[in-house]
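One structure is given below, encoded as structure tokens.
The values are calculated or read from the model by the stated rules, or taken from the named source; none is laboratory data. The shown structure was predicted, so the numbers you read here are calculated from the model rather than taken from an experiment. Here Cβ is always computed from backbone atoms with ideal geometry, including for glycine, and neighbour counts include all displayed protein chains. Protein only, heavy atoms only, side chains kept; ligands, DNA and RNA dropped before computing areas. Shrake-Rupley method; radii C 1.70, N 1.55, O 1.52, S 1.80 Å.
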Amino acid sequence: MLLSPLIVSALLFQGAVGRPYSEERQLLDRHLTQLSRPLPDGPTPDDDAAVIRQLATDAGLRNLEIAAPTITESATLGQSHRPFTANATFPDTDRFFRAVQSSPRLIDVESLVLRAVDFGVRIEARLRFYHRPARAVPGSSLDPARLRNRTRGATREDALRFAKDEQKVLEKTITLDDLRKRQTSPRMFLAETGSAFRDAAAALSFGSLDGDTGRFTLRGAIAGMGAADALERRLEEGFFRMREFSRSPKDGCYQFEVVGESFRAGPQAALPLPVEEPFRPTDAFCFKDRDEFPASAIGALRANGSEADGISLRAVDVDLADVAAMIESLTRAPFVVAEDVRGRVNVDFTGPSIDDALKALPLHVDLVGTVRLIRSNTQNSMPVASIEDAQPNGRSSFRSKRARGEDVLAALVEVEPSFAALGPSGLAKVSVFARETPVGELRRAVLAALQLQESREENTRVLRMPDRSGGVGPIAATSAGELIFRARDLSVDELALAGLGRSGSETVAFVYSPLGDIVALRVGDTLADGIVAAIDANGLLIDTSEGPVRNTLVVVRAK
């Protein structure tokens, strides 16, 4: 039979013969001290609460509340069951439970429930601490002859105390070895959840795990049938043993529930670390962001030209902000679009330059360096801020339709920390479509779109709206990351072809996602249930398992 390293070390400790009793006693005391950290003698509720508080503080948990323990004991083992609640981001939650598993104090996670709240998750967990009962019943025995050799020169009372303590060392060593083999931790559950939902067009609202059985439940909303199919395949191919994946329609989303079992992972397992926040409220997530079509049908807004690198774009029933998104996809020219740019249009651009094409739109366009700032004609346009003497060298990529102004400004600060500023709350939304754009130019355009003026007060940047009074404070972003749809998140049945454009020798198709974002498709892109086989001037052809499917661009007129 193979023996564990802990038991082997305990047996070797018993077998060391020839040392004086004083050295044997010193070694035994040292061993007892080491074992008392993971498995103390008797319950230690105050120390256990201190361990939780320290681990929670180090991991960044907030609003920690620790309930009173429930203590149970058997003939060989005692347990303290300790519920607690806290708030944290999802990455900090993972950091906390990794620290719990590697803590010198042996701790099991009996159960874990995560609920989506503002700026992260609400943790409801139940931990299990172990101790040796005061009246523990011995389950193994030591060799009396070897014990006599190690207590030579000791008094009878000292020899009896030595024998009792050495018996405790052996019992604790065997118990700890068994407990560590069965230690329960949510590390695999958290790592796989973070990995599976990192790129999913989904919002988790609830997650639960039973530490002893590994049974788990995940609930939330996912944007569209294609994204739901892709998530189901990802979970089937991952580290979960999935039992059921159910879904039901909700607005532009599907509500889903996943039930299955999560495997265990040891303290040394190299698991991926969560880097994003998959938990978020689902009500706002499922909002379909599309503009209203004009009350009366309008013809296409046309622009012609013969530029060598002119735009070729035909689009129907598209939001004005999405015209900028399409042009950026074709030309890489960066755009910032103010929130009040609303309405749907049909466009037909054949070879004009970007600026000539934009002149056909009923909008006001300013050039901020390389960035084109688009605002409505009715807005009292804020002048674009002048260029600072020292321009940062950083570049930023951002793609979002009507994102919170706070989120955009916070993202620019991540690229260039010197742009950190105080400002008002409740900023307008802004659309940004840019790739590798100078961060200074992008920020100037964003400030103008948000109607913000900047000043320096005590060497601090301060942003204010000229027509609004009130205090200023730190500009905080939401904890939820920006959702980005890709081809694999779309199914053939839910494709809403919105436009066709040409970039060089390549034709690009533009489709609407279930939540109203524009997604660019190219030949060879893989959908949830098909592959884009061809794109021409009138539509695209998709190969599916049931045969080819043709999707043609059709003008949709207002009713």
For the stretch 250-321, what class follows from the C-alpha gyration tensor (a ≥ b ≥ c being the square roots of its eigenvalues): rounded when a/c is under 1.5, otherwise prolate if a/b is larger than b/c, else oblate?
oblate
Quick one: which of 154-163, 346-355 comes out on top by average Cβ neighbours within 10 Å, and what's the full order, highest first?
346-355, 154-163
Add +1 for every Lys or Arg and -1 for every Asp or Glu among the other residues with Cβ under 15 Å from the Cβ of Asp251, and state the total.
0
Answer rounded, prolate or oblate for the stretch 274-418, using the Cα gyration tensor with square roots of eigenvalues a ≥ b ≥ c: rounded when a/c is under 1.5, else prolate when a/b is larger than b/c, else oblate.
oblate
From the phi angles alone, apply the Karplus equation (6.51, -1.76, 1.60; θ = phi - 60°) to the stretch 394-406 and give each ³J(HN,Hα) in whole Hz, x where the residue is Gly or Pro.
x, 10, 10, 10, 8, 9, 7, 9, 6, 7, 4, x, 4
Which value does Rg/Rh take for the stretch 150-235 over its C-alpha atoms, Rh per Kirkwood?
1.46
With Cα atoms, 0 to 90° folded angle of helix 5-15 axis to the chain main axis:
20
At a 1.4 Å probe radius, carbon and sulfur cover how many percent of the accessible area of the chain?
49
Please determine, in degrees from 0 to 90 and to the nearest 10, the orientation of helix 187-196 with respect to the longest principal axis defined by the Cα atoms of the chain, where the helix direction is its Cα long axis.
10
When you count, for each residue, the other Cβ atoms within 10 Å and take the mean per peptide, how do 406-416, 279-289 rank with the highest first?
406-416, 279-289
Kindly work out what percent of the DSSP beta bridges joining two residues of the chain are antiparallel, to the nearest 5.
90
With N residues in the stretch 357-451, what two-decimal value do you get for its Cα radius of gyration over 2.2 N^0.38 Å?
1.05
For the chain: accessible area per residue (Å², 1.4 Å)
47
Cβ-derived FRET efficiency at R0 35 Å, Ala537 paired with Ser386, nearest 0.05:
0.20
So who's got an amide H within less than 5 Å of the one on Gly214, skipping anything under 5 residues away but keeping other chains? H placed 1.01 Å off N, in plane.
none
Might you report the magnitude of the Cβ-based charge dipole of the chain about its Cα centre, with Lys and Arg at +1 and Asp and Glu at -1, to the nearest 20 debye?
1640
For the peptides 229-241, 82-94, what is the packing order when you average, over each peptide's residues, the other Cβ atoms within 10 Å and list the highest mean first?
82-94, 229-241
Residue-wise HN-Hα coupling along the stretch 117-126, computed from phi with Karplus coefficients 6.51, -1.76, 1.60 (Hz; x: Gly, Pro):
9, 4, 6, x, 10, 9, 9, 10, 10, 10
Can you give the Rg/Rh ratio of the chain, where Rg is from the C-alpha atoms and Rh is the Kirkwood radius?
1.14
Just report the Cα centroid separation between the stretch 429-468 and the stretch 218-292, whole Å.
35
Listed by chain and number, the lysines with an alpha carbon less than 29 angstrom from that of Lys168, same-chain partners under 8 positions apart left out, are Lys181
For Lys429, go through the lysines and keep the ones whose alpha-carbon is under 17 Å away, minus same-chain ones fewer than eight residues off.
Lys288, Lys401
Please grab the % of Cα pairs in the stretch 186-323 that end up more than 18 Å from each other.
64
